[in-house]
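Okay, so here's the structure we're looking at.
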Amino acid sequence: MIGGFFDRYCGDWSPDEQALFEALLEEQDVDIMAWAIGTQPVPERFAGDMMIKLQRLDYLPIDR
């Protein structure tokens, strides 16, 4: 999930967004997943456009 998100969006990130993503990677994987799927509230520090895009999950190719 995180790798697909990075691959899709990293080319458009500002230095601040890159730093925010690096900080996100320091968090526990289970926490990031919970924030992405909405089972836990997103910490204020990570709330915003990046998390909204992560929560959409539309960057993951799914065969239907």
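Per-structure values
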| read-out | value |
| --- | --- |
| Inter-residue pairs, beta-carbon under 6 Å, first within 12 Å of Phe21 (Cα to Cα) and free of Cβ contacts under 8 Å to residues at least 24 places away in the same chain and in segment 41-54, second surrounded by 12 or more Cβ atoms within 10 Å (Cβ to Cβ) and aliphatic (A, V, I, L, M), 6+ apart | Met51/Val42 |
| Single match in Ala36, Ala19 (criterion: in contact with a helix residue (DSSP H, G or I) (Cβ under 8 Å, 6 or more places away or on another chain) and either surrounded by 14 or more Cβ atoms within 10 Å (Cβ to Cβ) or modelled with pLDDT of 90 or more (or both)) | Ala36 |
| Subset of segment 8-40 (residues that are hydroxyl-bearing (Ser, Thr, Tyr) and touching a residue at least 40 places away in the same chain (Cβ under 8 Å)) | Tyr9 |
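The values are calculated or read from the model by the stated rules, or taken from the named source; none is laboratory data. Since we're looking at a predicted model, the values are computed, not measured. Quick reminder, even Gly has a Cβ in these numbers, built from the backbone with ideal geometry, and neighbours come from all protein chains shown.
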